[in-house]
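Here is the structure we will look at, set down as structure tokens.
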Amino acid sequence: MIYKVIEAAIGHFPSENRTMLEEISTVCTIDKDSIILEQGKHCNHLWFINKGAVKAYEMIDGSERVTHFFLSNMFFTNYYCWVTKKQSDLTYKVVENSEIIEIDYPKLEELCTHYHIFDTIGRKMAEKVFVQEYFNKKLLLNCTAKQRYEYFEKEQPEIFKHFTLRDIASFIGITDVSLSRIRKERMRK
């Protein structure tokens, strides 16, 4: 499936380049509740989810604040951590048994240096992430909690199948009690 995602972004992905990517990748079966990257550690990988779900969160005053959801057929990493060489400000946790492809970042950068196609893939994926991050920021700044909930319910219903309501409430920026109130209100209509 990783190749379908890549080809959707760049078109044809030649078999010789697929082989190069496979040589720096490891397919991992990861159990629910496993930590892939812990806050305070360095990020040295890019991941792709073949099957499963992962959340990213930061700890604020002893509470999890969910910042990202990742599902099957998605790439994810802490790119900020990799680029700045700083420790991760987020923890990445598997929320259901998953199959994930782990790609070695230093080796991927080497491929990007020598083969333009890998640089193009990275740029296209970064553009996609930027657009989503921009949209999420506008959603959080300009919409009410109810509007944010309704957006995710309509546009990204799959998050409700993989993540807890507590995680969704945290991501939306409200308490789980407030989310329950919104859900009850919507059911009455």
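Brief remarks on what is shown
A quick yes/no check of all residues on (1) at pLDDT 95 or above; (2) surrounded by 13 or more Cβ atoms within 10 Å (Cβ to Cβ); (3) part of a strand (DSSP E or B):
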residue: 29; (1), (2), (3): yes, no, yes
residue: 32; (1), (2), (3): yes, no, no
residue: 41; (1), (2), (3): yes, yes, no
residue: 48; (1), (2), (3): yes, yes, yes
residue: 51; (1), (2), (3): yes, yes, yes
residue: 55; (1), (2), (3): yes, yes, yes
residue: 66; (1), (2), (3): yes, yes, yes
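- Annotation: of all residues in region 122-178 being among the acidic types (Asp, Glu) and part of a helix (DSSP H, G or I), the one that is nearest to residue 91 (Cα to Cα) is 167.
- Cβ-Cβ contacts under 7 Å between residues 6 or more apart (or on different chains), taken from a first residue in region 104-126 that is over 12 Å from residue 21 (Cβ atoms) to a second residue that is aromatic (Phe, Trp, Tyr) and not in a helix (DSSP H, G or I), are listed as 125/75.
Let's see how each residue does on (1) touching a strand residue (DSSP E or B) at 6+ places or on another chain (Cβ under 6 Å); (2) over 23 Å from residue 167 (Cα atoms); (3) surrounded by 16 or more Cβ atoms within 10 Å (Cβ to Cβ); (4) not acidic (Asp, Glu):
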| residue | (1), (2), (3), (4) |
| --- | --- |
| 17 | no, yes, yes, yes |
| 23 | no, yes, no, no |
| 38 | yes, no, no, no |
| 63 | no, no, no, yes |
| 116 | no, yes, no, yes |
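- Inter-residue pairs, beta-carbon under 9 Å, first over 19 Å from residue 133 (Cα atoms) and in region 58-79, second surrounded by 15 or more Cβ atoms within 10 Å (Cβ to Cβ) and small (Gly, Ala, Ser), 6+ apart: 63/170; 64/170
- Odd one out for residue 58 among (1) under 12 Å from the mean Cα position of the chain (by Cα); (2) closer than 21 Å to residue 137 by Cβ: (1)
The values are calculated or read from the model by the stated rules, or taken from the named source; none is laboratory data. This structure is a prediction, so every number in the text was calculated from the model and none was measured. Cβ sites come from the backbone with ideal geometry, for glycine too, and all protein chains shown count toward neighbours.
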